[in-house]
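Trainee: Mind having a look at this structure? Questions to follow.
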Amino acid sequence: MKNIKKILKGGHGNFMHYALAATFLFLLFILFKPGSNIFNWLDARREISRQEKLIREYGKELEELDARIDLLTSDRDTLEKFAREKFHLAAPGEDVFILEE
């Protein structure tokens, strides 16, 4: 810390003040320049997080659908129930009542 104070107060103090100001201005320019500023980076990070969340949700949905497909292909009674509900199928002589929600 003493070295920094010595440099700032020494014979080159004015130069150091200009150098620090120039560095500060350069950093401000880098952070806020049009086109790729820190706000764009933050928005991109938010969008990436949102997309990763969607990927996880769709992965869970895919697993549920795979389990349902396995059940429908392996169990005849479940397949028959699904066909009756989804496609309004009935055996000969049965009455079908469709209730819309």
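Trainee: Of all residues in segment 34-64, count the ones that are under 11 Å from the mean Cα position of the chain (by Cα) and of a type in the set (S, T, N, Q).
Mentor: Residues flagged as under 11 Å from the mean Cα position of the chain (by Cα) and of a type in the set (S, T, N, Q) within segment 34-64 amount to 2.
Trainee: Another question about this same structure. Surrounded by fewer than 11 Cβ atoms within 10 Å (Cβ to Cβ) and assigned to a helix (DSSP H, G or I): is that true of GLY59 in this structure? Even if it seems obvious, please write down each step before you answer.
Mentor: On the way: surrounded by fewer than 11 Cβ atoms within 10 Å (Cβ to Cβ): yes; assigned to a helix (DSSP H, G or I): yes.
It is true that GLY59 is surrounded by fewer than 11 Cβ atoms within 10 Å (Cβ to Cβ) and assigned to a helix (DSSP H, G or I).
Rule-based calculations on the coordinates, nothing more; no lab input. Fair warning: this is a prediction, and the values are worked out from it, not measured in the lab. FYI the Cβ positions are ideal-geometry reconstructions off the backbone, even for glycines, and counts take in every protein chain you see.
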